[in-house]
Number of protein chains: 2
Amino acid sequence: MKKKRVSIKDVAREAGVSIATISYVLNNKKGESISDETINRVREAIKKLNYVPNLSARSLVSKRSNLIGVVIPQAEAGKEFMFYNPFYGEFLSSVEYEARKKGFHLLISGTEADQKYIQVAQNRGLDGIIIVGIYPDSFFQELKQCQIPIVLVDSYCSDHYFHSIGINDRHGGYLATKHLIEKGHRKIAFISGMVKENGVNSNRLLGYKDALEEYGIDFDEKLLYLGDTNFEYGIKAGARLANSKNGETAAFATADILAVGVIKGLKENGLRVPEDISVVGFDDVYLARITDPSLTTVRQNIAEKGRQAAEIIIQTIENEIKEKRDIILPVDIVERDSVKDIN
Amino acid sequence: MKKKRVSIKDVAREAGVSIATISYVLNNKKGESISDETINRVREAIKKLNYVPNLSARSLVSKRSNLIGVVIPQAEAGKEFMFYNPFYGEFLSSVEYEARKKGFHLLISGTEADQKYIQVAQNRGLDGIIIVGIYPDSFFQELKQCQIPIVLVDSYCSDHYFHSIGINDRHGGYLATKHLIEKGHRKIAFISGMVKENGVNSNRLLGYKDALEEYGIDFDEKLLYLGDTNFEYGIKAGARLANSKNGETAAFATADILAVGVIKGLKENGLRVPEDISVVGFDDVYLARITDPSLTTVRQNIAEKGRQAAEIIIQTIENEIKEKRDIILPVDIVERDSVKDIN
């Protein structure tokens, strides 16, 4: 199955030039007298053979790079700030700490699936990759060609080829919604970033519906507020909620960063939390304790998620585990001050 | 000036064994019949020559790794979570975005100065390093040996060997304090993480004293609350402030993450912000807008700091700039809802 890697020698043969010439062209070295015609011939050969220069070039003494790639999705709305959602910072800190203890370093990329991350992985000689979030299926298919150990985090990738680690998002959505129902709420807004197939949000929405069904409450599409998973959209949704004609008394926001925005948006429109509207979040990042009122939320153990992601990838690299691992970490609800009992 | 790098050949000669043997020992390969005696001889030779295996081993086709190291200090109180202060996440996101646009990747380390980061830098063949915060002088001295382009961020390193980028922290401290004084406050708590020599906090404290002096207010050591730059210490300081006998009507906290903790600690002890105590923060991270009341704070342009740090390091790597750069970015005050005018 493993294809032979195209080498610089193959390219030299194809272009009919020396290896040194290829090297000069690749490095764009100035002062070397190489004709444009030769440069073009080399570039064509590179393209034809799909040659990937092995920049990281593992040394003679080790075939390992001891480098783990971490792919974190770009924020949906902005391109620059992948860490605005503290979930990623907490996760990454934990991965870094675990990896460092075991002599590995992290290569961080806020990448998009179409940016040929696979080429990066090969150029860098990554020993393993931790991928957070969901990507197009074609990306996962290409990743299989890599022969690099991979852990998917919070992905509901359907073909189960890679290690995976996640939480029971559906159960988390169920717990949040059930908690609100038991406190007497029946009109519960569902506020979320994009609901993509096989993503955490679509599963949290399923859990929301499970709870409604269990208590005989009709699902109402008008109660869905779907945008981006960030503070700004939370404010917008909070403002819309404050002016809603649907009679919501509560909201389940699928991320704490969203929930704090919702609280802000509600307050800016003259509503109090939890007196007028109750809010439940998801994640239990440190924001949940910082915000006022402090946030009732679905807790997931982010640090443990990061630690286990690093551990699985390192154990796979070191051949300590051969079989595929699928880990689901537990969730529970943490009661703080953002929900009012209206029974 | 450049010392010749010790090679695997030198080690083999010193130990009187083959290069392959050195390689086996370095890789801890099992199944190879190498005697303990030989292993010990190799290890002694490695130690004696101070040999650093070149794991990243730049390939034949490029002397560049296109890899930039980013060193972020560990949180003062905890070891695991370097990103709890959103300042680091915002900074890093911006560095990553700029670097990625230019074809570089980031190697992230939550390192300590005593962890031989320099060895990591050499092993990895880093093209450049961005170092955030302050470290012992000996660390900076060793870094000079590296011959790797380095940018120091928010360091007041005294010997001006490296590129540097920062803000005028003293002026920021002055602006925060002056703002409170002009709103009628005279007993102003100074709440901060550790005040280390040549650090940002010591400079913000100087600015605090400048403002007091300008308005003829005596400096009072009892108004200093010094701990760690994190949310937890903020809560503690807020609680102490609420029960203080010193008559403070305001506080200047040297980081937003601290300020939101202070607000929490004050509220938990029955005081309102800004009605009872006014609070000014520093940084203008997104928390400043999230917290309730939203925070009046000293704004620094964190994204621009990250962008310029990446730009300087890449321009140096690419020989576009040769002379040393020292950049000071401006600060100003952003008025929100956490300060009361008591004139």
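Every read-out reported here was derived from the displayed coordinates using simple, explicitly stated rules and does not represent laboratory data. Computed from a predicted structure; not experimentally measured. Cβ sites come from the backbone with ideal geometry, for glycine too, and all protein chains shown count toward neighbours.
Given the convex hull over the Cα atoms of region B:169-300, what projected area results after averaging over all orientations, in nm²?
Working: hull surface 27.3 nm².
Projected over every direction and averaged, the Cα hull of region B:169-300 covers 6.8 nm².
With θ set to phi - 60°, apply the Karplus curve 6.51 cos²θ - 1.76 cosθ + 1.60 along region B:270-286 and write out the HN-Hα couplings as whole Hz, x wherever there is a Gly or Pro.
x, 9, 9, 10, x, 4, 9, 9, 8, 9, 10, x, 8, 2, 6, 6, 5
Take the cross-link list B:101/B:196; B:48/B:144; A:102/B:196; A:209/B:267; A:267/B:222 and give me the ones stretching past 26 Å between alpha-carbons. Write out the running numbers ahead of the final one.
On the way: B:101/B:196 36 Å; B:48/B:144 22 Å; A:102/B:196 31 Å; A:209/B:267 37 Å; A:267/B:222 37 Å.
Exceeds cut-off: B:101/B:196; A:102/B:196; A:209/B:267; A:267/B:222.
Distances over 16 Å make up what percent of all Cα-Cα pairs in region A:132-229?
Working: 2834 of 4753 pairs.
When every Cα pair of region A:132-229 is considered, 60 percent fall beyond 16 Å.
Fewest to most neighbouring Cβ within 10 Å: what's the order for B:341, B:210?
Numbers: B:341 10, B:210 16.
Lowest to highest Cβ neighbour count: B:341, B:210.
Which order results if A:8, A:130 are arranged by neighbouring Cβ count within 10 Å, fewest first?
A:8, A:130
Evaluate peptide B:277-289: per residue, the Cβ atoms of other protein chains within 10 Å of its Cβ; return the mean as an integer.
Working: counts 0, 0, 0, 0, 0, 0, 0, 0, 1, 9, 6, 0, 6.
Mean shielding count: 2.
Restrict the search to region A:185-217; then list the GluC sites (Glu not before Pro) that DSSP places in a loop and that have at most 16 other Cβ atoms within 10 Å of their Cβ.
Values: sites: A:197, A:213, A:214; in loops: A:197.
For GluC sites (Glu not before Pro) across region A:185-217 that sit outside H, G, I, E and B with at most 16 neighbouring Cβ atoms in 10 Å, the list reads A:197.
Inter-copy label distances at residue A:160, 7 Å along the Cα→beta-carbon direction, one decimal in nm, shortest first?
6.6
Quick one: with label points 7 Å out along Cα→Cβ, list the inter-copy distances for residue B:142 in nm, shortest first?
4.0
What list of ³J(HN,Hα) values in whole Hz, one per residue of region A:142-153 in order, does the Karplus curve 6.51 cos²θ - 1.76 cosθ + 1.60 (θ = phi - 60°) give from phi, with Gly and Pro shown as x?
Coupling constants for region A:142-153: 5, 4, 4, 5, 5, 6, 9, x, 9, 10, 9, 10 Hz.
Using the per-residue mean of other Cβ atoms lying within 10 Å as a proxy for protection, in what order, highest first, do the peptides B:231-238, A:154-161 fall? Let's see the in-between values first.
Working: B:231-238: 24.9, A:154-161: 14.9.
Listed from highest to lowest mean packing, they are B:231-238, A:154-161.
Counting only helical runs of four or more DSSP H residues, what would the 222 nm mean residue ellipticity of the protein assembly as shown come to if each run contributes -39,500 (n - 2.57) and the total is spread over all its residues? Working shown, then result.
Values: 24 runs with 275 residues, N = 686.
The helix-only estimate for the protein assembly as shown comes to -12500 deg cm²/dmol at 222 nm.
Give me a single rounded figure for B:89-95: the average over its residues of other chain Cβ atoms within 10 Å of their Cβ.
6
To check you understand DSSP bridge types, tell me what percent of the beta bridges within the protein assembly as shown (both residues inside) are antiparallel, rounded to 5.
Details: 11 of 79 bridges.
Given both bridge residues lie in the protein assembly as shown, the antiparallel proportion sits at roughly 15 percent.
Return the percentage of antiparallel bridges among DSSP beta bridges fully within chain B, rounded to the nearest 5 %. Each step should come with its number before you reach the end.
Values: 4 of 38 bridges.
Antiparallel bridges: around 10 percent, rounded to the nearest 5.
Put a label point 7 Å from Cα along the Cβ direction on residue A:320, then list its distances to the equivalent points in the other copies in nm, shortest first.
Going from nearest to farthest copy, the values are 4.4 nm.
Provide a whole-number value for the mean count of partner chain Cβ atoms within 10 Å of the Cβ atoms in peptide A:290-296. All intermediate terms of the calculation are to be shown ahead of the outcome.
Details: counts 12, 6, 9, 1, 1, 0, 0.
Other-chain Cβ atoms within 10 Å of each residue's Cβ, averaged: 4.
Using a simple charge model, +1 on the beta-carbon of Lys and Arg, -1 on the beta-carbon of Asp and Glu, nothing else, what dipole does the protein assembly as shown show about its Cα centre, in debye to the nearest 20? Could the numbers behind the result be given before it?
Working: 92 positive and 94 negative charges, 597 e Å.
The dipole of the protein assembly as shown has a size of about 2860 debye.
Could you state the principal axis extents of the C-alpha atoms in chain A, from the largest down, to the nearest angstrom?
So the three principal-axis extents are 82, 44, 33 Å.
If one takes the longest principal axis of the Cα atoms in chain A, at what angle in degrees, from 0 to 90 and to the nearest 10, does the Cα axis of helix A:200-214 lie?
Between helix and principal axis, roughly 30 degrees.
What's the FRET efficiency of residue A:324 with residue A:119 using the Cβ-Cβ distance as r and R₀ = 25 Å, to the nearest 0.05?
Working: r = 25 Å, r/R0 = 1.01.
About 0.50, to the nearest 0.05.
What ³J(HN,Hα) values, in whole Hz, does the Karplus curve 6.51 cos²θ - 1.76 cosθ + 1.60 give for region A:287-294 when θ = phi - 60°, with x put for Gly and Pro?
Taking θ as phi minus 60°, the curve returns 3, 4, 8, 6, 5, 10, x, 5 Hz for region A:287-294.
How would you rank B:324-334, A:319-329, highest first, on the average number of other Cβ atoms within 10 Å across their residues?
Details: B:324-334: 14.5, A:319-329: 11.6.
Most protected by this proxy first, the peptides run B:324-334, A:319-329.
Taking H as built 1.01 Å from N, whose amide H comes closer than 5 Å to the amide H of residue B:285, not counting residues under 5 places away?
B:256
For residue B:194 paired with residue B:158, estimate the spin-label separation in nm (one decimal), with each label point 7 Å from Cα along the Cα-to-Cβ line.
Simple spin-label model gives 1.8 nm for this pair.
First check a/c for the protein assembly as shown, with a ≥ b ≥ c the square roots of the eigenvalues of its C-alpha gyration tensor; if it is under 1.5, answer rounded, and if not, answer prolate when a/b is larger than b/c or oblate otherwise. Don't jump to the answer; show the numbers that get you there.
Values: a/c = 2.09, a/b = 1.37, b/c = 1.53.
Oblate shape, in that a/c is at least 1.5 and b/c is the bigger or equal ratio.
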